[in-house]
Protein chains: 2
Amino acid sequence: MVTQQRRERERAQREALIVSAARDMAESDGWPSVTIRRLAERIEYSQPVLYSHFAGRGAIIDAVALQGIAELTEVFKAARTAAGPGGALAAVAQAYLDFAAANPAVFEAIFTLADGLPFGVDAPEVLKAAFAELFAVFAPLAGDRDPDAFTETGWAALHGLAALGRGGRLRPDLQEQRLAIFLERFGKA
Amino acid sequence: MVTQQRRERERAQREALIVSAARDMAESDGWPSVTIRRLAERIEYSQPVLYSHFAGRGAIIDAVALQGIAELTEVFKAARTAAGPGGALAAVAQAYLDFAAANPAVFEAIFTLADGLPFGVDAPEVLKAAFAELFAVFAPLAGDRDPDAFTETGWAALHGLAALGRGGRLRPDLQEQRLAIFLERFGKA
DNA sequence: GCCACAATCCTAGCACCGCTAGACATCCGA
DNA sequence: TCGGATGTCTAGCGGTGCTAGGATTGTGGC
């Protein structure tokens, strides 16, 4: 009865431990080094325990991605509300790039590793919330364009800067100028 | 003497065979299924032969990426020269998205798998050529902005559309509108 | 034509991976 | 106290990237 609840609580706790351990390991040594064996050793359980929580390695990565998206949403909201309508775009753009730079492994999990996350109509709530945050920033700037299409295009532009920046595809010394150009092109309605 | 040359020629031929086999397999079954064992079986040699050509699996992916970049450069050039100054941006943008859609595995190799390609000052020639093609398109539209920074920003915006599009992150029915918005925002000088 | 040598290739194996079956221990309700 | 359910672990399967060492082939000198 009551112990049942304790069990579930402990289970949830352990699940969170797995996710945070995976994230830590990925962030410090890269995703390839996050193996089930090492993860099991890290949380001091045997490997099958991990499979009682997640369907497999991919599902663990997905969980990290989902957690990252939730964080990202909070970061967006904080940046947007703190900046006010005028500077919302600049604040959110900076937040996006900062997040990508500070959490490269999570960023990688979200955008290049997570293949188990549904993205269409039946996307998880946390994912829709993240897009809603972006929508709140971009839609007012859409002018006579479709707000959804404009949000997606603006997001893509921002994402491209983050994605290419990670991996040294872009010149670091031009970072500020790129951001300025992005804001100039997407900022005025 | 002369046979030496034949040997080298055959070696180069086999190397090309490896790259094209890897590309084919990746394009039809995804990169994870491109294993050294399967690759060796496909080209009808034993595994160690592959290691006499490439340092490892990663180097083979890099080779496919490099080949893809070279093709991309040609595609850019063709699109740009065929369209003329006025429509160069639209043509190259369409070419970029088309290439990503038609060769998803190569695209993935270039932008998310290839970690062995130097991208800074000592980048391979073929890579600089690809950027030069983009530069030729974007620089005339930079206005009073730095042409390099503008090219990188435009490229990032375009790349974001391709990267997010692959994987179903963007609504397919808004594809045309997104492209229109991109052209509107980066087209006029 | 023969033979020593060098280059080439393959067989076999290592350590590691994701994942799972089946044995073992532990805790619960009656 | 005891049967059963729950939870955990040990051991192992097939597959991976990669490599050492032996067999085989072709080459150039006599």
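The values are calculated or read from the model by the stated rules, or taken from the named source; none is laboratory data. From a predicted model like this one, the values you see are computed outputs, not experimental measurements. Ideal geometry is used to build each Cβ from the backbone, glycine not excepted, and the neighbour counts take in all protein chains shown. Side chains are part of the model used for accessible areas, which takes the heavy atoms of the whole protein and leaves out ligands, DNA and RNA. Shrake-Rupley method; radii C 1.70, N 1.55, O 1.52, S 1.80 Å.
Quick notes on this structure:
- If R0 is 25 Å, the Cβ-Cβ spacing of A:Thr81 and A:Ala102 corresponds to a FRET efficiency of close to 0.75.
- Shape box of chain B [Cα atoms, principal axes, largest first, Å]: 57, 40, 29
- Shielding by partners for peptide B:103-112, expressed as the average number of C-beta atoms from other protein chains within 10 Å of each residue's C-beta, is 1.
- Using a Förster distance of 30 Å, the FRET efficiency for B:Glu44-A:Asp115 (Cβ separation, nearest 0.05): 0.40
- For B:Gln94, the point set 7 Å out from Cα toward Cβ sits 4.0 nm from its twins in the other copies, listed from shortest up.
- Charge dipole (Cα centre; +1 on Lys/Arg Cβ, -1 on Asp/Glu Cβ; no other charges) of segment A:64-187 amounts to roughly 320 debye.
- Copies compared at A:Gly58 - label distances in nm, ascending, label defined 7 Å from Cα in the Cβ direction: 2.4
- Nm distances between copies for B:Gln175, ranked from closest, using label points 7 Å along Cα→Cβ: 3.5
- Summing charges over all other residues whose Cβ lies under 14 Å from the Cβ of B:Glu176, with Lys and Arg as +1 and Asp and Glu as -1, gives -3.
- Label-zone membership for segment A:42-61, site A:Arg7, 7 angstrom Cα→C-beta point, backbone N under 18 Å: A:49-54
- Residue list for segment B:44-60, given a label point 7 angstrom along the Cα-to-Cβ vector of B:Arg14 and an amide N cut-off under 16 Å: B:44-56
- Surface per residue (accessible, 1.4 Å probe) for segment B:1-53, Å²: 71
- In this structure, the pairs whose alpha-carbon distance is over 29 Å, taken from A:Lys128/B:Lys188; A:Lys77/A:Lys188; B:Lys128/B:Lys188; A:Lys128/A:Lys188, are A:Lys128/B:Lys188.
- Relative contact order of chain B, pairs being alpha-carbon contacts under 8 Å that are 6 or more residues apart, as %: 19
- Placing unit charges on each Cβ (+1 for Lys and Arg, -1 for Asp and Glu) gives the protein assembly as shown a dipole about its Cα centre, and among B:Val75, B:Ser52, A:Ile18 the Cα reaching farthest toward its positive end belongs to B:Ser52.
- Simple spin-label estimate for A:Tyr51 and A:Asp146 gives 4.5 nm between the two label positions (7 Å along the Cα-to-Cβ direction from each Cα).
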